[in-house]
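Structure, as structure tokens:
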Amino acid sequence: MSILVTGGDGYIGWPTALRIATRTDERVIAVDNCARREWVAEVGATSATSVADPETRIEAAREVHGAANLSFVEGDLTDREFVLRLLDTHEPSVVVHTAAQPSAPYSQINGERANFTQHNNMQATRNLLFGLSEQGLTETHFIETTTTGVYGAPEFPIPEGGATMEHAGAQDEVPFPAMAGSWYHLSKSHDAANLRLAHDQFDMPISDVRTAITYGTEIEETRPDDRLATRFDFDYYFGVVAHRFAAQAVAGYPLTVYGKGEQRKPFVSLEDAVEGLARLALGETADGHTVYNQVTRPIAIVEMAETIREVAAEHELDVEVTHVENPRDEDETHQMEIDNDRYMDVIDEQRATFADGIDDVLETLLAHRETIVSHEDRFLPDALQE
């Protein structure tokens, strides 16, 4: 038996595979087609950190951590025959599924990207779920990172999973409705529904981990050697807002808040995200269908920008915060409330505050200032650069 980590070349997937491998003697297989590298290059961007090839990463993991149980398999999860061979060969007891086209802005570029995003993400998940069923592996714990974006921006506190619906004098517990605001987020809404159906039809243990906006550059296991570094995208399409702001600070640009910026978004550090996935993968045998809101707390965009400005000052960076026209259709004053008790029970406590994470990010990015400056035109979408 083994543990599969899909998206094992990605920002969250690689450090997750590394942490799991250092905490178990079981075989850990990182799986990826390395397409994220191509998607980022396609929009004219790059990772600020140098991202070693998978073979080099595996070699470093064995040298630095003695992780001889970690290996890498290259393949496309939308290819059903590849998935069936993968599952038949390795018979995983756990699958941590982090593989996806993860960018909402990329999915919004045009119909081709929207179609690709939904096909890629949903096909991969279905192939894995049906593959496990058809290979007789229905006791395998399937853990998927979906997204808190499936919730949209409701005016009521977001539950950790389903909701209570009242109609015509009666009530029942129902899955949270898909209120996603992009073609990417809707692909993960469909995934969430398919995970629930897979549990009902295959009696497969499912953990639907709804991941918040994730910040940070390092975890404990990646720090000792640059070959172990995960990627760090800072462009408009693949860099999350916190990372884009940090890169702007390093490049000497003002932090561009879209609109009022008073809306709160859910955040989690890379350290806290990886720790939760590792504990779920290595914990007691799972049962049922469980939803986790992988978030430590919501943060207003303006608060985020001001925190980055303050931390940047500690690095002798003089940063301004400015407001620009919002290219997104969203309520700029929405005060999100989201339940995370179940997820906090998994990780016990928050390991990295937003300020801690940004301090780490800025320290990393200052060492790669030349790369950031040479791609500074990627901070904003093309429409706002004209």
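The values are calculated or read from the model by the stated rules, or taken from the named source; none is laboratory data. These numbers were taken from a predicted model, which means no experiment stands behind them. Reconstructed Cβ throughout: ideal geometry from the backbone, glycine too, with neighbour counts over all protein chains shown. Accessible surface areas use protein heavy atoms only, side chains included; no ligands, DNA or RNA. Shrake-Rupley method; radii C 1.70, N 1.55, O 1.52, S 1.80 Å.
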* **Percent carbon-and-sulfur accessible area, the chain, ignoring ligands, DNA and RNA, probe 1.4 Å** => 44 percent
* What ratio of Cα Rg to 2.2 N^0.38 Å holds for the stretch 206-326? -> 1.22
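Quick check for me: using +1 on Lys/Arg Cβ and -1 on Asp/Glu Cβ, what's the dipole size of the chain about its Cα centre, in debye to the nearest 20?
Dipole magnitude for the chain comes out near 560 debye.
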* Structure fact -> quick shape note, the stretch 99-180: Cα extents on principal axes in Å, largest first -> 43, 40, 20
* Structure fact -> What the Cα atoms of the stretch 180-274 span along the principal axes, largest first and in whole Å, is 54, 40, 19
* At each listed q (0.16, 0.19, 0.21 Å⁻¹), what is the log10 of I(q)/I(0) that the Debye formula gives for the stretch 39-182 modelled as equal alpha-carbon point scatterers? -> -1.16, -1.30, -1.33
* **Dipole-positive endmost among ALA352, MET304, ALA367 within the chain (Cβ charges, Cα centre)** => ALA367
* Counting only residues 5 or more places away or on other chains, whose amide H sits under 5 Å from the amide H of HIS323 once H atoms are built in the peptide plane? -> VAL257
* Space enclosed by the convex hull of the alpha-carbon atoms of the stretch 131-216, per residue, Å³ -> 134 Å³
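Please compute the contact order of the stretch 2-378 in relative form: average sequence separation of alpha-carbon pairs under 8 Å and at least six residues apart, divided by the residue count, as a percent. Each step should come with its number before you reach the end.
Values: 761 pairs, mean separation 76.1, N = 377.
That works out to 20 percent.
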* Viscosity 1.002 mPa s, temperature 20 °C, Stokes-Einstein D of the stretch 96-244 from Kirkwood C-alpha radius, µm²/s -> 125 µm²/s
* Taking N as the number of residues in the chain, what is its Cα Rg relative to 2.2 N^0.38 Å? -> 0.95
* So, counting K/R as plus one and D/E as minus one, what does the shell of residues with Cβ under 11 Å around MET122 add up to? -> +1
* Taking a probe of 1.4 Å, how large is the accessible area per residue of the stretch 2-378, in Å²? -> 41 Å²
* What Kirkwood radius, in Å to one decimal, follows from the Cα pairs of the stretch 3-68? -> 12.5 Å
* Structure fact -> One finds the C-alpha centres of the stretch 276-308 and the stretch 1-54 to be spaced, in Å, by 19 Å
* In whole Å, how far is the Cα centre of the stretch 79-137 from that of the stretch 167-205? -> 17 Å
